[in-house]
Each structure stands twice: as C-alpha cells, then as structure tokens.
Protein chains: 2
Amino acid sequence: MLCGGAGTRLWPLSRRARPKQLLPLATERSLLDDTLRRCEPFGDPVLIGADAQRFLLQEAVRRAGRTVRLLAEPTGRNTAAAAAVAALDVQARLPGSLVLLVPADHRIDDADAFRRAVLEGAPAAREGRIVVFGVRPTSPHTGYGWIEGEPGAGVRPVRRFVEKPDSDAARAYLAAGLTWNAGIFLFAPEVLLAELERLEPGLLVAVREAWAAGTDDGRTVRLDAAAWSQVPSIAVDVAVMERTPLAAVVPVEMGWTDLGSFGALREASPLDPAGNALRGDAVQLDSQGCYLHGEDILVAGVGLEGLVVVGTPDAVLVAPLDRAGEVKELVEALGPRDEVEEHPRAERPWGRYRVVDRGEGFQVKRLVVTPGECLSLQRHAHRDEHWIVVGGVGKVEVDGEVRSLAVGDHVLVRAGQAHRLENVGGVDLHLVEVQVGPYLGEDDIERLEDVYGRGNGD
Amino acid sequence: MLCGGAGTRLWPLSRRARPKQLLPLATERSLLDDTLRRCEPFGDPVLIGADAQRFLLQEAVRRAGRTVRLLAEPTGRNTAAAAAVAALDVQARLPGSLVLLVPADHRIDDADAFRRAVLEGAPAAREGRIVVFGVRPTSPHTGYGWIEGEPGAGVRPVRRFVEKPDSDAARAYLAAGLTWNAGIFLFAPEVLLAELERLEPGLLVAVREAWAAGTDDGRTVRLDAAAWSQVPSIAVDVAVMERTPLAAVVPVEMGWTDLGSFGALREASPLDPAGNALRGDAVQLDSQGCYLHGEDILVAGVGLEGLVVVGTPDAVLVAPLDRAGEVKELVEALGPRDEVEEHPRAERPWGRYRVVDRGEGFQVKRLVVTPGECLSLQRHAHRDEHWIVVGGVGKVEVDGEVRSLAVGDHVLVRAGQAHRLENVGGVDLHLVEVQVGPYLGEDDIERLEDVYGRGNGD
C-alpha cells in the first residue's frame, strides 16, 4: 500500500501530520482504513511510506484494528522504488506470493468488483505477466493516464500506455474503449525485479542496498538513507510498464477516483442542483459548480462559480477549482508554519483530540476518550497537565493513586508523574487539557505501559 | 452618535454582539472610539443605539475611557426617528445647544478638517439652517448620495439631494462639483423639530411619546416600546433634508469613507501592486483586486479576482466584492446561529477574552487581563469556573480568601462563590477559563463591586 503522500494537494484538509490517506474522504473511515478493508482477503498488508510519518501510519493502522509491516522511506522516491522495495521484501519473507501494489489514498466504491478483478488477474500474474487494472472511463478525463489493451475480453496484453492526453485525444480514447490507469498493479516479485534489472539496473542496485542496509524490528523496516538517496525518482509506469512486453490489463468497473485534487473531490461528492458539493458546515447562495467544505467551522459563499473553499479552524483556502493544482506551490510558499505541518485534529487508538488554543508555554486540547478505552501509563518530562472533565465519567491514576472522575472535576499531573486515564462509562469522556511547560511537543511522552503496544514518541 | 448598526454587512467580521462600530477598522481603536475622540471638542456625547446592545455600547464607551448618555431604541427605526429623539433629549437637557448628528461607524482620516467644517457650519445652524456636510468626491461613486449646493464658497444653501446615481450621472456630478452626502448633520434641535412637525407630524408625535414614556436612569434612556413601534422607519434625508428649504451644505475634504461594504474596506486599505488588500494573516498567489482578511486564522488564496475572503476561527465568508451587499441576505438565511449572534472575541474594560471551545454544558475561554486591571467582585449562579494561569502573575480572591497566582496555578471557583481577579504584574495575565454548568450565558453575573461601575448583566 503506497502511503507516501505528503499532504499538500488537499491542504488545508490534509497536512504533513495528517496526509490525505488518513482523511475520511470516501466513508466515515480514513482512506487507508478503507484500503485495508478492501484488501483484507489478499493477506497481510505492507505499507510503504515516509520514515518521518512512521508513527503516524502505524497509529492509523492500529486505530483501524490492524497490524502491518511498514517499509519506511527516508525520502519520497516515486513508485518504481516503492514497487521494487515491496517486491524485495515480499520475495524474502513470503516466497511464492504475488504483490498487489495499491495506492492507499484512492476511493473505490465497489470493493467486490475490485476483488473480483484482482482474482481475475492473478493467474496471468502467476504466469509472469505484470498486471495493471484499467478502470472503465466515465468521461474523457485529461488528468489520468490511459491504457490501450489488445482487442478481446478479460485479461489481455497491453498495447500501449498514454500519459494525460489533451481533450480531443481523451474523447477518442473514450470512444475506442481505452481504460484509465488506476495505478494498481499485480505481479510476482521476481518478474518485476527481473524487468527492473533489465530496464533500470541502477535503481534496483540502490534499492537493494537501502533495503539490505536498513534496520528491521519486524514491524518497521527503516531503509538506509545513504543508499536510498542514490535511488532515481521515477514512476513504475515509466520505468517498467511503458517498456515491458509483459504488461497485461484487467478492465474493471468499480467506482474509482484518485481524489487527487479538490476537483476530483467535488466530482466524487453528492452535488446540489447547481453542481455545488457542500461538505461539513457549508452554506451557499446563488453559487455554481463549487466545492465548499467547512471542517469544524462555518463556510459561507455567495455568488461563487467554480471555486474551492475549504475552511478549518486555523486555515482557509480559496482557489478556482481548475487551479487547485497550484495549492502545492502555495503550501511551499507558506513555508514551515504550524498550519502546514500540524492539524488541529488528531485520532488516537483511545479516541481523538483537537488543539483549541496555544501560545507561548501553553497549549489547550479537548480530549475525547471512547468508552472502555484507556490512554497509556505515561509521563512527561517538560510539562504539567491540567485536566478538567466536561463530559462523561472516567478513572485516573497519578503516581499509583487512583480516583474516579466526573463532570467538573480537576486533575493536575505534574511533570515526571506517571499517569493513566480511562473512560469507565458508556459515553464519550470529554476533557479539557491545559498543558503548561517550556516544551509541548507530542514526542515528550515516556510510555510505561500501553494497551495498544506503543513505544515512546509513538 | 448613530450606533444602530446590526452588524450584518461586514459579517463574519461583525456580529450582532460585535457590530461594525466596535471593530478597529480604521485605527487600532474601534470606529466608535475614533468617533468619540473626533467629536471630543463638541461636548458630551449621546449615543443612539439598539436597546438590546445597551450594555455592549456602554461597555465599549467605558473601555474608551468615556461616559455617555445612551438613547436606547427598542427596534431600529432609521435616522429620522434617531434625529428626532436626539433633538428632544438635547433640547430638554441642554437648552441652547446644537445637535451634531454623526454615524459612529465611518472612517475620517483628517479629524482636524472635520472639526473645522463643523465650526464653519455652526453659525448657519445657529441662524436656523439644517447643515449637512458634503465630502469632496474622489471618484464617480454610485453607492453614495450626492448633494448639489448653490454656487459659491463655504456654507451655502442646498439646491438638491440625489440618491445613489447611475455611473453616467455620477461622472457628471463629479465634473459639476457636487459632493457626497456623509450623513453628518448639524442643527438647532428646535429647528429640526419644527420641520418634522411640519413634514412628518405623525413621526414626531410617536417619537415624543416614546421618549416621554421611556425610563431614564440618567445614563440610559430606554424608549417606550409600544409608542416606538408606531414610529415610521424613514431616513432623515428623505423625511426632512430633501424637502426643507433650510438645508445648507459645508463642503469638506477629510478622507471620509462609510466603510459600508467589503468593497469600501478594500478601498480604504493599503493595496499590493495587484490591488489586493491583505489584512491580518492573509496570503495570496497570483490574485487581483481582492480583499483577504484572516482574523486569528490563516487565509490563503490562489488565482482569485475581485473576491472578498474573510476568515475568523468560527466562520468564513467568500463572495465577489461587487456582490458583497448580499452578505446581509446570507446572514438572514443562516438564521439564529452562534456564528451570527456571537463573536469569539470580546473586549472588556479589564482586557479581553476569546471563546476557544464550547460544547454541551461547558465553554473554554482565554482571558487576558491588562496590567493593573481587575475584574469585578462577582458570582455566578449556574456555573463553576476553573482558571489555569498560562502567562503573567495575578491575585485572586474567592469568598474573601486572597492568594497569589503564577503560571501553572489552578483556581476553582464554585457556583455561588464571590470572586475577583486582578493582574498585579507588569505584563498581560493570561488564563484559560473552563466554565462548567447547565447555563453559561454572559448574563449569569451578579456584580458585588466593580471598579468600572458596572451593574448586573452589564
């Protein structure tokens, strides 16, 4: 599962600390969670993502009630490198298995159709084909790559790949029955590795070295940064698919979109009669063809056309939908601001929290602990924490002393004190947490015991 | 001073609880504060505003270090009624005085020029003229009323008033030397009342009755609601100025704008080379002619033209600048939401606060107490308050017990306990306040002692 997204294209919905695959953009679960569920019949998942996001990704997987192996990339090196390292890892650990390479941040409405297509492609993959899945197009889309297969039904050899065409070409492809390249591949690891050896030998040497010199704690492989820095950044489509005679395509109709821009998000949303997608707390008057999204904030538009307006409690983006691709440049121009790096909301295995205020030397969060859940026994070196219960009932332990908590109660946990919090009621436990101290980073957590098996800074 | 604005035209910057005249749109002070300062040489101010906003307005005046008499209107009834009640009140209390009627929510850059113009008009007003101030126009504006005076210099009779003209007419007026009607009037109360008696006798009867039957505690006159409901809603321009032979105009150049729309706000702001006004935390790429304003939130725009984007932590507005007038309809469509009624920020005589989170049965605020200032000795019937100091030093008294406060300290004030808070340091005192209780309205305050002379619910 390709999890390398940096979270800039859908800013401010996505952030570096909350990339697109962790957002609930298709269902009430995250796209990654949806992907895990969709692929459940196909064996143990392996994630490929950024080393800097390794805790975040493991956390999201744990929250989904799953465990995964994570191949952690020191830097993003595009999909050829990711496919190669996945092939090496699966070949070594699970000889004889196929690799199903899937982006973790796409939307697929018909999971059954997806699974049937994978099963349909498997015999060809076992026979040495590199199988790609071709989505039956619903429009002459110019933002996707297209695949032309040999005539016939079912799995068949690929005649050619076409990168994002102009609109005349896209209309011709639609008429001629070409399909969209969904970036989903199925192959035997040794087949892909042999083709890479032949077509991109330098890439394979560097990936092999980064993988072999990496550290592996069984759960996370941290690829070697020095070797990885030598890996060329190239898409697997360009490195292999467009050049190999082994490519085969399985056409599939499964309600797929890559949700790759606010325009794609709008297309995948229910629209009002004027073509507006309204998500969260959004209101419009006399607007057309817009994507308006208010996440924990009211977004209101009057007389707008073809705009994206996304509001969150700390940042707002407005752009024409057809220029939403430039959001990436905007985020780069903003530089290393909190509003780019962090997200006010965060999910945890025990519930969730939201940063509601912060300033020099303090931070205020609302914590919501799910019934029956429990935060780790932990301590902080650099901050005191005040908790005030504003909803539900709980139990708290501070340096071994246990007390019950009800609405209106206050608890002070000083720096250095071991503490643990549990929701012992039947409804969500809400607390206001006021952190006071010189350093308030999420990594100032020493975990002494954790029911979710997390370590420090994790 | 006309303070009757409902706070809808500049929503979400303005709210019902924070109307435009209370916003710092021209200087770092509120427009009302600016107006009070500008008019200081002309005697004791009288405010005319909504009864529902009487505490808010008195509070804002107190914060400006002033005291005023407030004529509180049960409902808005336009400027003829406001002028009439002002004339009645001044005639009764200060016989022989003139009335200078000024909107409290305009911007005037050159206060000296304004004052000179008032002094220039005073002799004519004493001689029985109703003087209006005509702003020398800087553009063929179609959103203002225009005034044509008799030829000549200085104060002169008005030939006619013209309501918002089309752009051809506006260009002709600009060329012919007409001036903008700034809605500022100077008159002897008996002159205005006589003209109302002649031109709108029914209005005057109803206003006189509402004033006579109102309650007057010396500081606030609460006009009688039953009588006031009979007052026709009509502008003083239409009721009197366009029909009286007594109108005279004083031309003046004083850097005036009514800040009546986001377009006017943009025009009154410094612009970047592409004509964008960026206020607060706002960033743009490749945009033109926009008004982008981030108040306690980052507002970012890409590729925008002629749009207003205003963000606050709980609401965002986006509209074309030339349709910003429709914000009023939008606000009506939104109905009685918190985001329409309340504003997360509020100013108080002792400092300010911001609501940072709220939910069922609780509310979280950040309080900032200015050095040397002190909240009233007060108690609440329905809520407990937890305070956590996150910056500065203070002193707190709870049921007679006094203690010092420093960063990291926690104080619990239970419902019914008399309490008082003071900043005894040299820098701002910051507290996080967590209110817990079944009713959290601002009017649950019983004031026992107040250095600012406020009463309950005040």
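The values are calculated or read from the model by the stated rules, or taken from the named source; none is laboratory data. Since this is a predicted model, take the numbers as computed values, not measurements. All Cβ positions, glycine included, derive from the backbone under ideal geometry; neighbour counts span all protein chains shown. Please note that ligands, DNA and RNA were not included when accessible areas were found on the heavy atoms of the full protein model with its side chains. Shrake-Rupley method; radii C 1.70, N 1.55, O 1.52, S 1.80 Å.
Figures for the structure shown
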{"read-out": "Answer from A:T142, A:T138 - the residue that is touching a residue at least 24 places away in the same chain (Cβ under 8 Å), assigned to a loop (DSSP other than H, G, I, E, B), farther than 28 Å from A:L204 by Cα and assigned by TED's automatic domain parsing to the domain that holds A:L10", "value": "A:T142"}
{"read-out": "Test result for B:V390, facing chain A (nearest Cβ under 9 Å), open to solvent by less than 60 Å² (accessible area, probe 1.4 Å), assigned to a strand (DSSP E or B) and out of contact with any Phe, Trp or Tyr (no Cβ under 6 Å at 6 or more places or on another chain)", "value": "no"}
{"read-out": "Pair list, Cβ under 7 Å, 6 or more apart: the range B:149-160 residue touching a residue at least 24 places away in the same chain (Cβ under 8 Å), other residue loosely packed, with under 14 Cβ neighbours inside 10 Å and hydroxyl-bearing (S, T, Y)", "value": "none"}
{"read-out": "Top-ranked residue of the range B:403-412 - restricted to ones that are within 9 Å of another protein chain (Cβ to nearest Cβ) and assigned to a strand (DSSP E or B), ranked as least open to solvent (accessible area, probe 1.4 Å)", "value": "B:H410"}
{"read-out": "Sole exception among (1) β-branched (V, I, T); (2) more than 9 Å from chain B (Cβ to nearest Cβ); (3) closer than 27 Å to A:H386 by Cβ for A:V308, by number", "value": "(3)"}
{"read-out": "Candidate set: the range A:41-95, residues that are in contact (Cβ under 8 Å) with a residue 60 or more places away in the chain and among the basic types (K, R); chosen: the one least open to solvent (accessible area, probe 1.4 Å)", "value": "A:R69"}
{"read-out": "Residue that is surrounded by the fewest Cβ atoms within 10 Å (Cβ to Cβ) [pool: residues in the range A:350-362 that are part of a strand (DSSP E or B) and more than 9 Å from chain B (Cβ to nearest Cβ)]", "value": "A:R352"}
{"read-out": "Only one of B:L186, B:L193 that is open to solvent by less than 60 Å² (accessible area, probe 1.4 Å) and either part of a strand (DSSP E or B) or without any contact (Cβ under 8 Å) to a residue 12 or more places away in the chain (or both)", "value": "B:L186"}
{"read-out": "Single match in A:G425, A:G400, A:G416 (criterion: open to solvent by 50 Å² or more (accessible area, probe 1.4 Å), more than 11 Å from chain B (Cβ to nearest Cβ) and among the small types (G, A, S))", "value": "A:G400"}
{"read-out": "Selected residue (only one of B:L330, B:L317, B:L321 is more than 7 Å from chain A (Cβ to nearest Cβ) and farther than 21 Å from B:L440 by Cβ)", "value": "B:L321"}
{"read-out": "Condition met for A:E433 (open to solvent by 20 Å² or more (accessible area, probe 1.4 Å) and either within 14 Å of chain B (Cβ to nearest Cβ) or farther than 23 Å from B:L367 by Cβ (or both))", "value": "no"}
{"read-out": "Residues located in the range B:371-387, provided they are away from every other protein chain (no Cβ under 11 Å) and not in a strand (DSSP E or B)", "value": "B:P371, B:G372, B:E373, B:L375, B:S376, B:H380, B:A381, B:H382"}
{"read-out": "Test: residue in the range B:98-105 that is touching a residue at least 60 places away in the same chain (Cβ under 8 Å) and closer than 24 Å to B:W350 by Cα", "value": "yes"}
{"read-out": "A:F133 being in a helix (DSSP H, G or I) and at pLDDT 95 or above", "value": "no"}
{"read-out": "Strands (runs of 3 or more DSSP E) contained entirely in the range A:227-346, each with at least 3 residues that are under 23 Å from B:V299 (Cβ atoms), more than 21 Å from the chain's Cα centre (by Cα) and not assigned by TED's automatic domain parsing to the domain that holds A:A104", "value": "A:277-285, A:291-302, A:307-311, A:315-320"}
{"read-out": "Residue tally, condition of a type in the set (A, V, I, L, M) and open to solvent by 30 Å² or more (accessible area, probe 1.4 Å), over the range A:229-285", "value": "8"}
{"read-out": "Test: residue in the range A:66-73 that is outside any helix (DSSP H, G or I) and on the phi > 0 side of the Ramachandran plot", "value": "no"}
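Listed here are the residues, each with its yes/no results for (1) surrounded by fewer than 20 Cβ atoms within 10 Å (Cβ to Cβ); (2) touching a His at 6+ places or on another chain (Cβ under 7 Å); (3) over 27 Å from A:L10 (Cα atoms).
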site: A:A104; (1), (2), (3): no, no, no
site: A:D109; (1), (2), (3): yes, no, no
site: A:F114; (1), (2), (3): no, no, no
site: A:L119; (1), (2), (3): yes, no, yes
site: A:A122; (1), (2), (3): yes, no, yes
site: A:R129; (1), (2), (3): no, no, yes
site: A:V132; (1), (2), (3): no, no, no
site: A:V162; (1), (2), (3): yes, no, no
